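**Student:** Here's a structure for you.
The values are calculated or read from the model by the stated rules, or taken from the named source; none is laboratory data. Fair warning: this is a prediction, and the values are worked out from it, not measured in the lab. Neighbour counts run over all protein chains shown; Cβ positions are idealised from the backbone, glycine included. Each accessible area value is taken on the protein alone, full model and side chains, heavy atoms only, with ligands, DNA and RNA left out. Shrake-Rupley method; radii C 1.70, N 1.55, O 1.52, S 1.80 Å.
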Amino acid sequence: MVRDMPVPVLIVRAQGEFLYANRAAYRYLGLAEAAAPLRLTQWLPEGLGVTLADHWEALLQGRLAEASDRLAIPGGTFIEVRSQRIDWAGQSAVQVTLMTHTAPVLPHEPLYRQMFDTNPAVKLLLDPETGRIVDANASAAAFYGYPVAVIRQMNIAEINCLSPAEIRERMARAEACQQLFFEFRHRTACGEKRDVHVYSGPVRVDGRQYLHSIVVDVTHEKRYYAQLENYHELFQNLPVGVYRSTSGRKARFITVNPAMERIFEADSRQALLETDLAALYDCPEQRKFFSHDIQRDAGVTRRPLRLRSLKGHLIHAEVTVRRQIDPDGTKTFNGIIEDVTARNAAQATQDRLIHLLDASPDIVSIADAGRRMVYLNRAGRDMLGELPESLPEAMAVAHPEWARRRIEEEGIPYALAHGHWYAETALRSGAGEVPISHLIVVRRRENGELDSIATIMRDISESKRYQHELEHLAGHDPLTGAVNRNRFLELLKGERQRVRRTPSPLSLVMFDVDHFKRVNDTYGHSVGDDVLRHLVALCREILREVDVLARWGGEEFMLLLPDTALDGAVALAERLRVAIERKDFAPVPSLTSSFGVAELAPDEPEERCYKRLDGALYRAKGAGRNQVCSAERPVDG
């Protein structure tokens, strides 16, 4: 559109060096289109270039947004110079529009009509005093959507979107040649508003002065420039690097956005533009394959690359590149570079943590704020299989009902309030319940909102088994498995407390193996140990579950018989005596035992009872052994 505009339009940069000129500009400068003048100021009338240079510098430096200069040129011609800053092919430049006007009386009406009516440009002839549209050409009718006859009956205020007062002020300036170029918004017959540039100046027709206006539709151009501005702002502010580069072994960046400077730690944009692209690759072989793929496929998408910044630091990047072939056959590359160094580092840390969690024998699970399961480590998958995504459903599958209720009603609420909860619960398994230590940890974001709920569960079956074994060893005789003396005393104390609460009889039986020293001396201690083990096993076959058998010391044993009166205790002792006498303890030919039996009085001290038991046992031994003797009744006081 700019190329075919009827007015001279040039794109210049500092000191008037120009980048582009349309056809009208070449004609105005008196040059062939192939000519390439170095500086616009050399081709403008003397003094004009110097006058405009300062304005252009101010525009390029951002001190002015636009400038308008009206200068008189010898011969009665006025030139209106409209300048505005733009981006042209990625660099700052100034668009210069030149409009010359003369105010002579048109000599021939037929010539005026020919130039006015047949011109392809949109033309209007206005009465500067009233704003009435005196004349319009066919191009105007096509542009505005009204027949020429209708336009000739309209006022410019019906087309121009400015207020009547503003329109009159602009027409006055045009009539006085104070301003010859205007930017307006015009309304067409269908109500559409179009952006237009209007070049307007005084002319005389049939002895009367009018305003001759040339209207240029720049709606698409303005939208294009607005779009360019948006793209430029996007280009400047994108967090990812955007660039264009040349191709070949000595490839360089042509243009880069600020993110590229940050990614490559460049001290300046120019420093990055002067850098050989080959120096930015961490591995020459990687560059070779990368270049080969671009040439083969005309581009690559999100290709991982290891690059180096200008300060030598390693950059992990994902690069998307598209090859472009310009009209002259030159190959360039447009690319996007995303610095994923931090993301890769975070991913590596996450991978290490996941590897660690998967190697852990503990079960680790994580649920998000919506209580959806997002992670279960290998130990959990091996033991529990695939769990439902919903945390409540997963808990129902993984835990027995009592444990699930405890976690939901106690564990999670406590962890949400205090950050963590620790207790012993259980998991389901094919063999039954598996006891676990259960830790729930709640993580919150900086704003206090819930982020995740993590659970660590450890199988404590072995430790509980060890604990039970230790407790058993602490309270039992390692040779026979009978409870030891200390454990017996604890159990006796508990039974006596129970009897005081709910009165019931409680008896003790003390017995030992007759002539046991002779067994050890004759057959050895290993046989003696076997005899004691078999003796205890025999007793357990006869005793009740509530009865307690203790090894009191050496070959001496003690029985605690809850809810058993003296007569019952004597009868039990007799059964044991007979069973021992009849038992085959080979290689020992025969074995007998002597028993003392006593019923405890409710408030009788244990020492007194033991003394009575000892007395009964000694009586049994003194009477020839292999018999049961009852202790004397306790003496009150």
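**Student:** Which count do you get for residues in the range 360-374 that are open to solvent by less than 90 Å² (accessible area, probe 1.4 Å), in contact with a helix residue (DSSP H, G or I) (Cβ under 8 Å, 6 or more places away or on another chain) and not in a loop (DSSP other than H, G, I, E, B)?
**Tutor:** Residues flagged as open to solvent by less than 90 Å² (accessible area, probe 1.4 Å), in contact with a helix residue (DSSP H, G or I) (Cβ under 8 Å, 6 or more places away or on another chain) and not in a loop (DSSP other than H, G, I, E, B) within the range 360-374 amount to 5.
**Student:** Mind checking whether some residue in the range 431-448 is in a helix (DSSP H, G or I) and either under 20 Å from ALA369 (Cβ atoms) or of a type outside the set (Val, Ile, Thr) (or both)?
**Tutor:** No, that holds for no residue.
**Student:** Can I ask one more? On the given criteria, is GLU471 in contact (Cβ under 8 Å) with a residue 12 or more places away in the chain and acidic (Asp, Glu)?
**Tutor:** The answer is no for GLU471.
**Student:** Being open to solvent by less than 90 Å² (accessible area, probe 1.4 Å) and either modelled with pLDDT under 90 or among the acidic types (Asp, Glu) (or both) is the filter here; which residues of the range 611-637 pass it?
**Tutor:** ASP614, PRO634
**Student:** Which one is farthest from GLU183 (Cα to Cα) among residues in the range 143-160 that are open to solvent by less than 50 Å² (accessible area, probe 1.4 Å) and either in contact with a strand residue (DSSP E or B) (Cβ under 7 Å, 6 or more places away or on another chain) or modelled with pLDDT under 90 (or both)?
**Tutor:** Among those that are open to solvent by less than 50 Å² (accessible area, probe 1.4 Å) and either in contact with a strand residue (DSSP E or B) (Cβ under 7 Å, 6 or more places away or on another chain) or modelled with pLDDT under 90 (or both), it is VAL148.
So that you can scan it fast, the table gives a plain yes or no per residue for (1) at positive phi; (2) among the small types (Gly, Ala, Ser); (3) out of contact with any helix residue (DSSP H, G or I) (no Cβ under 7 Å at 6 or more places or on another chain):
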site	(1), (2), (3)
ARG173	no, no, yes
ALA176	no, yes, yes
ARG185	no, no, yes
ASP195	no, no, no
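**Student:** OK, next. Between a residue in the range 504-516 that is farther than 15 Å from VAL548 by Cβ and assigned to a helix (DSSP H, G or I) and any residue that is at pLDDT below 95 and open to solvent by 20 Å² or more (accessible area, probe 1.4 Å), which pairs come within a Cβ distance under 8 Å, given they are 6 or more apart or on different chains?
**Tutor:** From residues that are farther than 15 Å from VAL548 by Cβ and assigned to a helix (DSSP H, G or I), the pairs are PHE516/GLY554; PHE516/GLU555.
**Student:** For CYS629, which of the numbered conditions (1) out of contact with any Gly (no Cβ under 8 Å at 6 or more places or on another chain); (2) in contact (Cβ under 8 Å) with a residue 12 or more places away in the chain; (3) not basic (Lys, Arg) fails to hold?
**Tutor:** (1)
**Student:** Could you list all residues from the range 564-577 that are part of a loop (DSSP other than H, G, I, E, B) and surrounded by fewer than 16 Cβ atoms within 10 Å (Cβ to Cβ)?
**Tutor:** ALA565
**Student:** Let me ask you something else. Looking at this structure, is GLY568 small (Gly, Ala, Ser) and touching a residue at least 12 places away in the same chain (Cβ under 8 Å)?
**Tutor:** yes
**Student:** Moving on. Regarding the range 225-245, can at least one residue be identified that is more than 30 Å from PRO128 (Cα to Cα) and in contact with a Gly (Cβ under 6 Å, 6 or more places away or on another chain)?
**Tutor:** Filtering the range 225-245 down to residues more than 30 Å from PRO128 (Cα to Cα) leaves 225-245.
Okay, now just the ones that are also in contact with a Gly (Cβ under 6 Å, 6 or more places away or on another chain), so 243.
Yes, there is a match, as at least one residue in the range 225-245 is more than 30 Å from PRO128 (Cα to Cα) and in contact with a Gly (Cβ under 6 Å, 6 or more places away or on another chain).
**Student:** Which ones in the range 55-65 are of a type outside the set (Lys, Arg) and either farther than 16 Å from ILE11 by Cα or at pLDDT 75 or above (or both)?
**Tutor:** HIS55, TRP56, GLU57, ALA58, LEU59, LEU60, GLN61, GLY62, LEU64
**Student:** A further question follows. Before we move on, is TYR281 within 19 Å of VAL340 (Cβ to Cβ), in contact with a Lys or Arg (Cβ under 6 Å, 6 or more places away or on another chain) and open to solvent by less than 50 Å² (accessible area, probe 1.4 Å)?
**Tutor:** yes
**Student:** Condition test on SER68, is it touching a helix residue (DSSP H, G or I) at 6+ places or on another chain (Cβ under 6 Å), surrounded by 14 or more Cβ atoms within 10 Å (Cβ to Cβ) and either modelled with pLDDT under 75 or not basic (Lys, Arg) (or both)?
**Tutor:** Numbers: touching a helix residue (DSSP H, G or I) at 6+ places or on another chain (Cβ under 6 Å): no; surrounded by 14 or more Cβ atoms within 10 Å (Cβ to Cβ): yes; either modelled with pLDDT under 75 or not basic (Lys, Arg) (or both): yes.
No; evaluated as a whole, the condition is false for this residue.
**Student:** Of the residues ALA93, ALA89, which single one is within 30 Å of ARG244 (Cβ to Cβ) and at pLDDT 75 or above? Break it down stepwise before answering.
**Tutor:** On the way: ALA89 fails: at pLDDT 75 or above.
After applying the criteria, what remains is ALA93.
**Student:** Continuing with the same structure: Please verify whether the range 517-539 includes one or more residues that are surrounded by 15 or more Cβ atoms within 10 Å (Cβ to Cβ), out of contact with any Lys or Arg (no Cβ under 9 Å at 6 or more places or on another chain) and closer than 18 Å to PHE595 by Cα.
**Tutor:** Checked against the condition, which is being surrounded by 15 or more Cβ atoms within 10 Å (Cβ to Cβ), out of contact with any Lys or Arg (no Cβ under 9 Å at 6 or more places or on another chain) and closer than 18 Å to PHE595 by Cα, the range 517-539 yields at least one hit.
**Student:** Moving to a separate point now. Which members of the range 324-359 meet the condition of being surrounded by 14 or more Cβ atoms within 10 Å (Cβ to Cβ) and of a type in the set (Val, Ile, Thr)?
**Tutor:** THR332, ILE336, ILE337, VAL340, THR341, ILE354, listed by residue number.
**Student:** Of the residues VAL242, VAL256, VAL218, only one is more than 30 Å from LEU126 (Cβ to Cβ), touching a residue at least 40 places away in the same chain (Cβ under 8 Å) and of a type in the set (Val, Ile, Thr); which? Walk me through it before giving the result.
**Tutor:** On the way: VAL256 fails: touching a residue at least 40 places away in the same chain (Cβ under 8 Å); VAL218 fails: more than 30 Å from LEU126 (Cβ to Cβ).
It is VAL242.
**Student:** Does ARG194 satisfy being basic (Lys, Arg), open to solvent by less than 50 Å² (accessible area, probe 1.4 Å), at pLDDT 90 or above and outside any helix (DSSP H, G or I)?
**Tutor:** It is true that ARG194 is basic (Lys, Arg), open to solvent by less than 50 Å² (accessible area, probe 1.4 Å), at pLDDT 90 or above and outside any helix (DSSP H, G or I).
**Student:** Just wondering, is there one or more residues in the range 301-314 that are open to solvent by less than 70 Å² (accessible area, probe 1.4 Å) and closer than 22 Å to ALA89 by Cα?
**Tutor:** Looking through the range 301-314, none of the residues is open to solvent by less than 70 Å² (accessible area, probe 1.4 Å) and closer than 22 Å to ALA89 by Cα.
**Student:** Give just the number: which of (1) in a helix (DSSP H, G or I); (2) surrounded by 14 or more Cβ atoms within 10 Å (Cβ to Cβ) does ALA417 not satisfy?
**Tutor:** Every listed condition holds for ALA417 apart from (2).
**Student:** What number of residues in the range 578-637 are outside any loop (DSSP other than H, G, I, E, B) and aliphatic (A, V, I, L, M)?
**Tutor:** Residues in the range 578-637 being outside any loop (DSSP other than H, G, I, E, B) and aliphatic (A, V, I, L, M): 11 in total.
**Student:** Further question on the same structure: Kindly indicate which of ASP521, ASP563, ASP530 is within 24 Å of TYR618 (Cβ to Cβ) and acidic (Asp, Glu).
**Tutor:** Being within 24 Å of TYR618 (Cβ to Cβ) and acidic (Asp, Glu) holds for just one of ASP521, ASP563, ASP530, which is ASP521.
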